Amino acid sequence: MRQYSHYRFVFASILVGFALISSAANEVIPSKFVNANGTNLTVEDAGRVRAFQIDPKCRFWKNFAPVPKPDFAGQEAVVVRAKTSVSPALAKELADAKTWAWLERIRKQRLPGELKAIEKTGWRVAFSDGTQFLYRVTAKSKITIAGRPVTADAVPLGTKLVLKARTLPSYDTWLVSATDAITTLDAEEEPEADRPTPTPPKATKAPRVTTKKSSVPPSRPMPSNGVAVGRVVLILVGNGIFDVLIDGRTYHITVTRDTKWTVDGKRASIHDLTLDLDVRITYRRDRFGRIIASKVDIP
């Protein structure tokens with residue numbers, strides 16, 4: 001038993017050693033841009049000037065998009081991904097700080113998006129903040145539509161998806177999985193502080209109103225089945241999908257051939273839906289978590 005424990009300790013030590021070597025070899029460095037001259041990059045890291053050689057395959061990002069060269073202003077906040085186990089250290093990736101935070105969310109979080117284009121190397125996806133990103137898609141990417149696995153080129157443009165990705169050693173962002181089984185992603189939405197900042201509308205000061213503390217409990221996720229009333233905020237007829245707003249939360253509703261539709265008690269269809277319409281939905285959740293409407297009543 002002692003010998004077995006010793007082997008486990010040695011094996012764990014080896015793994016830790018590899019992890020330390022890997023983390024040392026590839027360092028992510030928040031810094032300030034100084035200059036880029038030919039193949040040389042200089043940044044300021046915590047008051048210390050650091051020099052890098054720019055890798056011929058180095059990727060540059062600015063304003064939430066790839067750019068061909070490091071076009072940054074002096075002292076602009078940037079992040080450098082560098083291989084520091086060699087001398088001189090090699091810059092592998094360089095982005096302004098806000099774009100780096102955006103890239104990290106795309107690469108590490110499950111995010112909702114809309115398929116805008118199918119290109120030679122992958123999918124171009126649009127996000128709710130107005131930015132777009134090109135995911136690398138391969139035969140190993142797991143894509144599920146209406147509960148069934150499909151190929152990347154079989155997904156209609158405009159389909160709303162939840163996407164999960166990871167960074168490859170080449171620094172491509174590979175699509176691990178995508179599904180149209182969108183329920184609620186409140187806990188995984190992008191932090192407001194890290195989102196690209198749109199031009200804010202002119203604020204109007206609301207009158208101060210003194211109210212008593214509400215005794216109404218916060219809204220809960222929809223149960224596995226039941227009846228709900230919500231306001232229509234999105235309609236995708238071709239995909240058999242519409243979104244409703246219920247108690248301040250958006251829910252993704254999937255309809256099937258078996259969904260029954262009525263307007264004032266008369267037979268109807270999804271084509272009778274309009275935006276900002278309050279509808280009554282009888283539903284159930286399937287094993288993938290999708291909200292499947294068995295009946296939709298339109299007033």
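The values are calculated or read from the model by the stated rules, or taken from the named source; none is laboratory data. Everything quoted here is computed from the prediction, not taken from an experiment. Because the Cβ atoms are built from the backbone with ideal geometry, glycine has one as well, and the counts that use them run over all protein chains shown.
Some observations on this one:
- Scope the range 161-177; condition within 17 Å of Arg148 (Cβ to Cβ) and free of Cβ contacts under 8 Å to residues at least 40 places away in the same chain; matching residues: Ser177
- Just so you know, in the range 254-267 the residues that are touching a Lys or Arg at 6+ places or on another chain (Cβ under 9 Å) and touching a residue at least 12 places away in the same chain (Cβ under 8 Å) include one that is farthest from Leu161 (Cα to Cα), and it is Thr262.
- Enumeration of residues in the range 263-273 that are surrounded by 10 or more Cβ atoms within 10 Å (Cβ to Cβ) and more than 9 Å from Ile298 (Cβ to Cβ): Ser269, Ile270
- Taking the criterion of being touching a Phe, Trp or Tyr at 6+ places or on another chain (Cβ under 6 Å) and under 23 Å from Arg285 (Cβ atoms), the residues of the range 136-185 that qualify are Gly147, Ala181.
- Extreme residue, nearest to the chain's Cα centre (by Cα), among residues of the range 99-120 that are under 26 Å from Val79 (Cα atoms) and of a type in the set (Val, Ile, Thr): Ile106
- The number of residues in the range 121-160 that are over 19 Å from Trp61 (Cα atoms) and in contact (Cβ under 8 Å) with a residue 40 or more places away in the chain comes to 9.
- Considering Glu104, Glu114, Glu93, the condition of being under 25 Å from Ile253 (Cα atoms), surrounded by 14 or more Cβ atoms within 10 Å (Cβ to Cβ) and of a type in the set (Asp, Glu) is satisfied by Glu114 alone.
- Residue that is surrounded by the most Cβ atoms within 10 Å (Cβ to Cβ) [pool: residues in the range 80-90 that are of a type in the set (A, V, I, L, M, F, W, C) and closer than 13 Å to Cys58 by Cβ]: Ala82
- Check on Val279, more than 26 Å from Leu161 (Cβ to Cβ) and either outside any strand (DSSP E or B) or at pLDDT 80 or above (or both): no
- Applying the condition of being more than 24 Å from Pro66 (Cβ to Cβ), in a loop (DSSP other than H, G, I, E, B) and not hydrophobic (A, V, I, L, M, F, W, C) to the range 135-157 and asking which residue is modelled with the lowest pLDDT yields Gly147.
- Of all positions in the range 108-126, at least one carries a residue that is of a type in the set (Lys, Arg) and closer than 25 Å to Ile29 by Cβ.
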